[in-house]
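Comments concern the structure below.
The values are calculated or read from the model by the stated rules, or taken from the named source; none is laboratory data. Bear in mind that the values here come from a model prediction, so they are computed numbers and not experimental data. When we count neighbours, we look across all protein chains shown, and the Cβ atoms used for this are built from the backbone with ideal geometry, even at glycine. These area figures cover heavy atoms from the full protein model, side chains too; ligands, DNA and RNA do not enter into them. Shrake-Rupley method; radii C 1.70, N 1.55, O 1.52, S 1.80 Å.
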Amino acid sequence: MKPSRYKSCIQWYDCLDSTNLEVRRRLSELDNLSVIASKFQTAGRGQGTHTWLSPACENLTFTVLLRFGPEGVSPLPATEAVRITQTATLAVFDFLAEEGIAARIKWPNDIWVGDRKICGMLIENILDGAMLSESIVGIGFNLNQKEFDPALPNPTSLSLLTGKEYDVPSSLERLHEIICRQAALLDSTDGRCELEKRFNEHLFHLDRSSQEQLSKAIEGFEAQK
């Protein structure tokens, strides 16, 4: 029996080095839109050389595997890899909107609420010639965390924003459903146009000075570890 194109299991681990690395290790056996999630990561990664730190059992640290082709979403040229960014960021955007939170997307794939970061992503694409073969979409979402290292420049969490406490597994199930709906849009020209339009509506870039200050603050935090 072929795996369902948009329904697949979420596999939880107590501890992993990195959910992205675990997906790479198990690439041949995972179905489209499978999720590897961990209660704690010892070597969580962000963009570039940055790390992603999260207390155990408080937040969402997981990776979604997107496959392209007969058992996945429609084939996608490598030149259109931004569609994966659009799919993932808009899914988190909609997840927050369901909680009454107005978010925005900081280029290329961070989610901010106001001037604070609530979610970061590490997207790693695997190519087959000029086409995407798989996308490994790592997402770190601050769900219940209340206290952050004061050296971090601008973190927040959903719990801090709403005053609620969230069940971690059910929150991931809900977010995964939204990701599946967004991924379905990759199958049509109209769907891809919708992704691009909405992404551009909610996208912003930091000005050069602000970006340099933010980068310097993050580098200072990384140097302390």
One finds the C-alpha centres of the range 148-185 and the range 91-105 to be spaced, in Å, by 9 Å
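Could you tell me what percent of the accessible area of the range 72-213 is made up of carbon and sulfur, with a 1.4 Å probe and every protein chain present?
Numbers: 3140 of 6310 Å².
The C+S portion of the solvent-accessible surface of the range 72-213 is 50 percent.
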re the range 54-112: pairs of Cα atoms spaced beyond 17 Å account for a percent value of 54 percent
So, with points 7 Å from each Cα along the Cβ direction, the Thr79-Ala102 label distance in nm works out to 3.8 nm
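Which entries in the list Lys106/Lys197; Lys117/Lys146; Lys106/Lys146; Lys106/Lys164; Lys117/Lys216 go over 19 Å, if you measure between the two C-alpha atoms of each?
Values: Lys106/Lys197 15 Å; Lys117/Lys146 14 Å; Lys106/Lys146 22 Å; Lys106/Lys164 25 Å; Lys117/Lys216 16 Å.
The answer is Lys106/Lys146; Lys106/Lys164.
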Looking only at aspartates and glutamates whose Cα falls under 12 Å of Lys39's and that sit 8 or more positions away or on another chain, we get Asp14, Asp17, Glu58
So for R0 = 35 Å, FRET eff. of Tyr13-Asp115 from the Cβ-Cβ r, to 0.05, ends up at 0.55
Log entry: pair-distance distribution for the range 74-160, C-alpha pairs binned every 5 Å from zero, whole % per bin is 3, 13, 23, 20, 15, 11, 8, 5, 2, 0
